[in-house]
1. Can you confirm whether Gly279 is within 19 Å of Val223 (Cβ to Cβ), part of a loop (DSSP other than H, G, I, E, B) and touching a residue at least 60 places away in the same chain (Cβ under 8 Å)?
2. Would you mind finding the one in Gly38, Gly32, Gly42 that is touching a Cys at 6+ places or on another chain (Cβ under 7 Å), modelled with pLDDT of 90 or more and surrounded by 19 or more Cβ atoms within 10 Å (Cβ to Cβ)?
3. Check Leu443, Leu463, Leu474 and return the single one that is open to solvent by 40 Å² or more (accessible area, probe 1.4 Å), touching a residue at least 40 places away in the same chain (Cβ under 8 Å), among the aliphatic types (A, V, I, L, M) and out of contact with any helix residue (DSSP H, G or I) (no Cβ under 6 Å at 6 or more places or on another chain).
4. When the residues of region 267-284 are filtered to those that are in contact with a helix residue (DSSP H, G or I) (Cβ under 8 Å, 6 or more places away or on another chain) and open to solvent by less than 30 Å² (accessible area, probe 1.4 Å), which remaining residue is modelled with the lowest pLDDT?
5. Inspect region 187-195 for any residue being in contact with an Asp or Glu (Cβ under 8 Å, 6 or more places away or on another chain), within 22 Å of Thr321 (Cα to Cα) and open to solvent by 20 Å² or more (accessible area, probe 1.4 Å) and give the result as yes or no.
6. Out of (1) closer than 22 Å to Phe377 by Cα; (2) buried (at least 19 other Cβ atoms within 10 Å of the Cβ), the odd one out for Gly322 is which?
7. Within region 118-131, track down each residue that is in contact with an Asp or Glu (Cβ under 8 Å, 6 or more places away or on another chain) and among the aliphatic types (A, V, I, L, M).
8. For region 186-217, which residues satisfy the criterion of being assigned to a loop (DSSP other than H, G, I, E, B) and within 16 Å of Glu160 (Cβ to Cβ)?
Amino acid sequence: MLKSMRTVTIVAALLCIQSCGGYKEKTLTIGGIFPMSGSWAGGVGCLPAVEMALEDVNNRTDILPEYRLEMQSDDSECKPGLGTKVLYKLLYEKPTKLLVLTGCSIVSTFVAQAAKMWKLVVLSYGGSSPALSNRERFPTFFRTHPSATLHNPIRVKVFEKFKWTRISTIQETQELFTSTIEDLEQRVKEANIDIAVRQSFLTDPTNAVRNLKRQDARIIVGVFYEDMARRVFCQAYKERLYGKKYVWFIIGWYPDNWYKMKDDRHNCTVEQLEEALEGHFTTEAMMIHQEPTMTDVGMTAQNFTSRLNEILNTSDTSLITGYPEAPLAYDAVWAVALAFNKTAAKLAERNMKLEDFDYYNEEITDAIYSAMNSTKFLGISGNVAFSSKGDRIAWTQIEQFINGSYVKLGIYDAVADSLTWYNKEKWLGGRPPPDHTRVIDHLRVVSRTLYFSMCGLAGVGILAGLFCLVFNWLHFNRQCVAFSQPAINNLTVLGCIICLGCIVLLGLDGKFVSEQTYPVICQARAWLLSLGFTLSYGSMFSKIWTVHQMTTTRKKERTGVQIWELFTVLAILMLLDVGVLTAWQVLDPLQRQLETFARVQPTNTEEDIELRPQLEHCHSENLNVWLGVLFGYKGILLIFGIFLAYETRSVKLKQVNDSRFVGMSIYNVVVLCVITAPISLIIGNQEDATFAFVSLAIILCSFLSMGLIFVPKIMEIIKHPQRDGQEVKSLTDSLVSREEEERHQKMLGENEQLKKQIAEMEDRIRELNQKLQDRTRQRHSATSTTTTVTSTAPTNTVSMIVPAPGGVPVGICRPINSGHVLVVDPMITEHPPSDKAKHLIFADTADTVTSARQFAAMTSSHQNLTDCSPVVADANSDSGLASETYGKNSYGKKVSYPDSSDIIETMG
């Protein structure tokens, strides 16, 4: 009995060994290229999964019952050059490889492009580059890792869900990411979503992130490898490109704690990165089966995870690069095994075997390709199937980073094009942020307070104008009113009332009227303001024009003012206005135009909005031309008016008794218009300032005009009421008396000044007379002394004058035909002469002057003076001696006396 039991046990053991593959005598070898280091060291997590899958496949007797599946592998470091080298090494080393497994996208690109030359099928467990979907470049390529473009459909669905129509992109310059962005551009274009900002970088994302900030990127799709992701978000933290205004979409196949990895290429802390990452979204293919059911590979996803964790021997799988892709690598081996199983059956029908494969046998390659293309099974990563481009058909999921961990938000089924959303998202601002700063058009309008204040002042002015009209009507028979042309004054008041009423229209804008009504308001403003100005100013101009005409006319018989003359001048001005305004409205009517200003940030809200200020203007195509015409002839009218007012400033006419006040009104109107017109054009984009300035100018002009014309009349009637139908005193009389009083006071002042000047002149005359008398006495005394001395001298000899004590003798030589020489200056009387001239004879008589002139004539008729003959004369003397000629041997010499008299000493 015991022996029989041992026999049964041995047979069972043999059967078990056979069922476990112990009797699979033939071997099929595949090549494996794993990135165990480098930018993406996914081989660390994927290689154990592949080895687990090989073991499980070889333990199955229903799959490749005659073959044992083995693998030779090497490290590519995720570098294309090294990956290609590994491929060649696998190809040229025995045994022959029927298929090659590859990892990262960049290596898969080079390997798949080269493998077709050796008729090899390539299956990637980690290649996600969209470029690998190109069947012309990669005709024998398949992958269990979904293409990166698989992320784009769910991204577009999320954009549409939250109504984002403007996105931005930032990518690392790699073929994988470039192809992803190109596919995204095509998809968002079909969904009417605009990519407003596109940024890329090769090694340093600093400038790219800054540009995103500068260009107001809000919804940002970033595609880059894990190491670059840390640098990107470090820069985003520095630029404050995160928070409630921003939403980031990045790749989801990074490990959950990828931002905690130590990286010397950035200088941000884990806390700073976590702050910048808060609220971002990730999209990734579902890499593990979600249901706890048994799969076609003979275990559940949970069983797989437990076995892999045991092999990896780690409690924190987030530290294992490639761990999320491990189910894809595991299912890749099962896809190879199932494809080989189908191929072996088909080749058996052709009397061929898998081990007959070589790198030139295209028939076996086609069989493997066909079997791989039709492979479908439920694996650890979910449903495994391949599209015609060799891409994995899989579901994708979207997650959000909330409080330091990823929360699944929804699942997208690409086949059914349906998004299942769990409504677990959280927004920092409480609601989804807008895809750009929301710009709100803000119409700048006149302040209500200012508008109603100006309207109130205008209303007061209108009431004042109505009072003036009533006053004119009640007192039209009074002389002060009747002689001021009350009809013209009424038109002036009417023009002021119209201008004041126009203030109401100047403040009407978008807060009161619609866009369709605004052009009508523009036309009404132009007409009322222009006609009102012409009525008020034109009326005053017609009066001042008439006064000027009456004062300059040569017709003596013209003694009165004809009212039709005033109305004619006003009518001409009104017709000119009506003509220009009519042509303007017909040929180039005013329309509503919006002026847009730079955006401003509102201060009273936390919403992500900006205000775009806009200001309404009345505009026409040739606005400057029409304004030039209006301002041109009205400016000439203003200048001419102020000229006439100046010319007639002193004119008083009984028929126009308020002409001086009209002139003053014209002065005020001209000054205000000259100031207001240019300034209103300069500050036209400041609605409150423009409205206030123009309104105040209109109000001042109106009040001053009405005040200057009517207030004197009102005061006159109050002071001098009418008695028994008789005028007590007229405004004209009061004006004349007032002017005469001013002139009288002026003449009195001038008279006092003249009296003072006369008194000063009389004192001067008395002083000069006294000096003249003193000098005359001195000359009489000198003459008597000289005569005595001369009479004792012999003829034709030099006579010496005996000087006074201390004096210097001076000789006076006498010509032959001259009895004596007298030097006479009747004006030298103030002080005694100099020492040289003391002994000369002075005289102030006309005879003496005549003798001197005769002597001068004698000496000028070629009779020279002797060497010792002096002639002394005052240069300023009325005698004229200073200008005589005393002979060609004479010379003139000025001498100054103490009394400031100038004399000429002429020596022969």
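The values are calculated or read from the model by the stated rules, or taken from the named source; none is laboratory data. Quantities reported herein were computed from a predicted structural model and do not represent experimental measurements. Counting neighbours? That spans all protein chains shown, and the Cβs are built from the backbone with ideal geometry, glycine included. Just the protein is used for accessible areas: all its heavy atoms, side chains included, with ligands, DNA and RNA removed. Shrake-Rupley method; radii C 1.70, N 1.55, O 1.52, S 1.80 Å.
1. Numbers: within 19 Å of Val223 (Cβ to Cβ): yes; part of a loop (DSSP other than H, G, I, E, B): yes; touching a residue at least 60 places away in the same chain (Cβ under 8 Å): yes.
Spelling it out, Gly279 is indeed within 19 Å of Val223 (Cβ to Cβ), part of a loop (DSSP other than H, G, I, E, B) and touching a residue at least 60 places away in the same chain (Cβ under 8 Å).
2. Details: Gly38 fails: modelled with pLDDT of 90 or more; Gly32 fails: touching a Cys at 6+ places or on another chain (Cβ under 7 Å).
Gly42 is the lone residue from the list that is touching a Cys at 6+ places or on another chain (Cβ under 7 Å), modelled with pLDDT of 90 or more and surrounded by 19 or more Cβ atoms within 10 Å (Cβ to Cβ).
3. Details: Leu463 fails: touching a residue at least 40 places away in the same chain (Cβ under 8 Å); Leu474 fails: touching a residue at least 40 places away in the same chain (Cβ under 8 Å).
Leu443 is the lone residue from the list that is open to solvent by 40 Å² or more (accessible area, probe 1.4 Å), touching a residue at least 40 places away in the same chain (Cβ under 8 Å), among the aliphatic types (A, V, I, L, M) and out of contact with any helix residue (DSSP H, G or I) (no Cβ under 6 Å at 6 or more places or on another chain).
4. First, the residues of region 267-284 that are in contact with a helix residue (DSSP H, G or I) (Cβ under 8 Å, 6 or more places away or on another chain): 267-268, 270, 272-277, 281, 283-284.
Filter again for open to solvent by less than 30 Å² (accessible area, probe 1.4 Å), leaving 268, 273, 276-277, 281, 283-284.
Working: Cys268: 93, Leu273: 94, Ala276: 95, Leu277: 95, Phe281: 96, Thr283: 93, Glu284: 87.
Filtering first and then ranking leaves Glu284.
5. Taking every residue of region 187-195 in turn, none turns out to be in contact with an Asp or Glu (Cβ under 8 Å, 6 or more places away or on another chain), within 22 Å of Thr321 (Cα to Cα) and open to solvent by 20 Å² or more (accessible area, probe 1.4 Å).
6. (1)
7. Residues of region 118-131 that are in contact with an Asp or Glu (Cβ under 8 Å, 6 or more places away or on another chain), as a first pass: 119, 125-126, 129-131.
Residue satisfying the conditions is Ala131 alone.
8. Kept after step one, since they are assigned to a loop (DSSP other than H, G, I, E, B), are these residues of region 186-217: 191-193, 202-205, 215-217.
Matches in region 186-217: Ala191, Asn192, Ile193.
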